[in-house]
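The values are calculated or read from the model by the stated rules, or taken from the named source; none is laboratory data. Since the model is a prediction, treat every value here as computed from it, not as a measurement. Because the Cβ atoms are built from the backbone with ideal geometry, glycine has one as well, and the counts that use them run over all protein chains shown. These accessible areas exclude ligands, DNA and RNA; they are computed on the full protein's heavy atoms, side chains included. Shrake-Rupley method; radii C 1.70, N 1.55, O 1.52, S 1.80 Å.
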Amino acid sequence: NVGSIKCPLTQQIFKHPIKSKQCGHTFEREAIQQYIGDKKRAQELTECPLPGCNTILIEEQFVRDIRVEKMMKKQRKTQQDQDSDEEDDEAFDLTVRPSL
């Protein structure tokens, strides 16, 4: 499921996923750090940006999300295997094409 390896803030595939120990939501490290910094500068409460989650976030409560890292690794391997299969199919294309 590609959606679960995308950051909800950036909508990009994770590079450095970190998870809140409080609410369990995962974000791209830089994106959530920027979000928290922006909220602090505006002197606003740093609530989790996901709809329906009112957990107050603090940078110190985030940890690496090993589960998402494993999913990303599996996704990359699957993609590499598919790319390799396509290359193999092209390398052994024995289709006879009529000469002009």
Fill in the blank from the handout: Taking a crude spin-label model, label points 7 Å out from Cα along the C-beta direction, the LYS73 to LEU50 distance in nm is 2.3 nm
Handout entry: ARG64 accessible area, 1.4 Å probe, all protein chains in place, Å² to nearest 10
Key = 150 Å²
Practice task
Would you mind checking the pairs LYS15/LYS73; LYS19/LYS70; LYS15/LYS40; LYS21/LYS73; LYS6/LYS70 and listing those with alpha carbons more than 18 angstrom apart?
Solution key: LYS15/LYS40; LYS21/LYS73
Completion exercise
Per DSSP, the loop-located GluC sites (Glu not before Pro) within the range 6-64 having at most 14 other beta carbons within 10 Å are GLU44
Exercise for the section: Assuming R0 = 22 Å, can you tell me the calculated FRET efficiency for the pair GLU30 and ILE66, based on Cβ-Cβ distance, to the nearest 0.05? Expected result: 0.75
Handout entry: Accessible area (Å², 1.4 Å probe, nearest 10) - THR55
Key = 40 Å²
Fill in the blank from the handout: HN-Hα couplings for the range 32-48 via Karplus (6.51, -1.76, 1.60; θ = phi - 60°), in whole Hz with x for Gly/Pro, come out as 6, 5, 5, 4, 5, x, 4, 5, 4, 4, 7, 6, 10, 5, 9, 6, 3
Exercise for the section: For HIS25, HIS16, give the ranking by accessible area with the largest first, probe 1.4 Å. Expected result: HIS16, HIS25
Fill in the blank from the handout: In order over the range 55-64: 3J(HN,Hα) from phi, Karplus 6.51/-1.76/1.60, θ = phi - 60°, whole Hz, x for each Gly or Pro, gives 5, 7, 9, 9, 3, 5, 8, 8, 9, 4
Practice task
Could you tell me, in Å, what Rg and Dmax come out for the Cα atoms of the range 1-76?
Solution key: 12.3, 40
